[in-house]
Amino acid sequence: MRLGRHPLLHSLDRDQLAAAAADQRWPKWSTMCQLRLLGNPVLNGVCVTPDADATALPAAVEALAAATGATKLMVRSDGGVETRAYYRGGDSLPIDQIEPHAADLLAAGRAVILLEPTNRFTNQLSALLRMDRPAPGKPGTFAVEVLGAGYDVGDLTRGGIRPQLSVSIAGVTWHHYDEPWWADLHVTRDLSPKAEHARRQARLARLAPHIRTITGPGSLSDSDEASAAAEWLRTQGHVDLWRDSDPTQRVIRSVREWFEVAFLIALHHPNRNWRCLATSLSDLGARRTVYWDVVDAARKYATPDRRIV
């Protein structure tokens, strides 16, 4: 389905994806298009820019809801070069709540990215893939951080929750593909009962604001957010966080595939002088995995003299 100036992501052909990927004004959206262009699965969505007319947002909501059959949509936003205190989105909201929420973001000069909904409480695996090198043409590293069932990518990217499993490969030539050997993998696991308890408590505390977004103010106790979040999750049947699961075997089986994805991202990234790139993926369950976007560490945040306010 097309939507004038704001087409749905899954409707874009290769030329349109390439054009969107080359437009660096909205990095989250452009890198989602780049990921799809490279053959990676991404959520269907639509980007509404702050210069769009008043009809664009309701039309985008209607088109994406019709295309996906969803009664909720996820709201993300993109401010271009961000400040450290930028808006943290990713919640899936009922259709009738989307427009007032998104309108405030557009008024603040942010592009709104509407996506088909996901459930942050039921992810089966979340992984952060990182590509590093000291300079173009110099050997670098590939690193993967993983959390299993019940967590989400945000726990790794900004939640401060330590991964259950980390895998790294040294001496990577990002300008020339060399298939990694099993012996190249350096694996670190941290699944002790103490570590799992600390990780789970941090996850519960981090979920409390998201639960309030869904259920409304006053739905959780302020005195013990972690316990209140745990009770709510169990009431809703979201018990993956307490499931005894070890993602090690799955991760080891997937590392080569993830390395190939990372290599192509690095090879085609528009900043040829990149030093650190990262992408993330989620296993949403029901045999569906999606990639989110690509972050270039050098271009993520505004420098002090370019800071956006």
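The values are calculated or read from the model by the stated rules, or taken from the named source; none is laboratory data. Keep in mind it's a predicted model, so treat the numbers as computed, not measured. Counting neighbours? That spans all protein chains shown, and the Cβs are built from the backbone with ideal geometry, glycine included.
Assess whether A183 counts as being surrounded by fewer than 18 Cβ atoms within 10 Å (Cβ to Cβ), assigned by TED's automatic domain parsing to the domain that holds G285 and in contact (Cβ under 8 Å) with a residue 24 or more places away in the chain.
no
Six or more apart or on different chains, Cβ atoms under 9 Å: show the pairs whose first residue is in segment 240-257 and under 10 Å from L165 (Cβ atoms) and in the same structural domain as A229 (by TED's automatic domain parsing) and whose second is in a helix (DSSP H, G or I) and of a type outside the set (D, E, K, R).
V251/W258; I252/W182
Looking at segment 136-170, which of its residues are in contact (Cβ under 8 Å) with a residue 60 or more places away in the chain and on the phi > 0 side of the Ramachandran plot?
G150
Of the residues in segment 257-298, how many are part of a helix (DSSP H, G or I) and touching a helix residue (DSSP H, G or I) at 6+ places or on another chain (Cβ under 8 Å)? Lay out the reasoning, then the answer.
Of all residues in segment 257-298, those part of a helix (DSSP H, G or I) come to 257-268, 297-298.
Now narrow it down to the ones that are touching a helix residue (DSSP H, G or I) at 6+ places or on another chain (Cβ under 8 Å): 265, 268.
Summing the residues that are part of a helix (DSSP H, G or I) and touching a helix residue (DSSP H, G or I) at 6+ places or on another chain (Cβ under 8 Å) in segment 257-298 gives 2.
Any residue at all in segment 220-227 that's in contact with a helix residue (DSSP H, G or I) (Cβ under 6 Å, 6 or more places away or on another chain), modelled with pLDDT under 90 and not in a helix (DSSP H, G or I)?
Among the residues of segment 220-227, at least one is in contact with a helix residue (DSSP H, G or I) (Cβ under 6 Å, 6 or more places away or on another chain), modelled with pLDDT under 90 and not in a helix (DSSP H, G or I), which makes the answer yes.
Of the residues L35, L105, L114, which is assigned to a helix (DSSP H, G or I), at pLDDT 95 or above and of a type in the set (A, V, I, L, M)?
Values: L105 fails: at pLDDT 95 or above; L114 fails: assigned to a helix (DSSP H, G or I).
From the options L35, L105, L114, the qualifying one is L35.
For residues that are farther than 15 Å from L35 by Cβ and surrounded by 14 or more Cβ atoms within 10 Å (Cβ to Cβ), scanning just segment 257-294, find the one that is modelled with the lowest pLDDT.
The qualifying residue modelled with the lowest pLDDT is G285.
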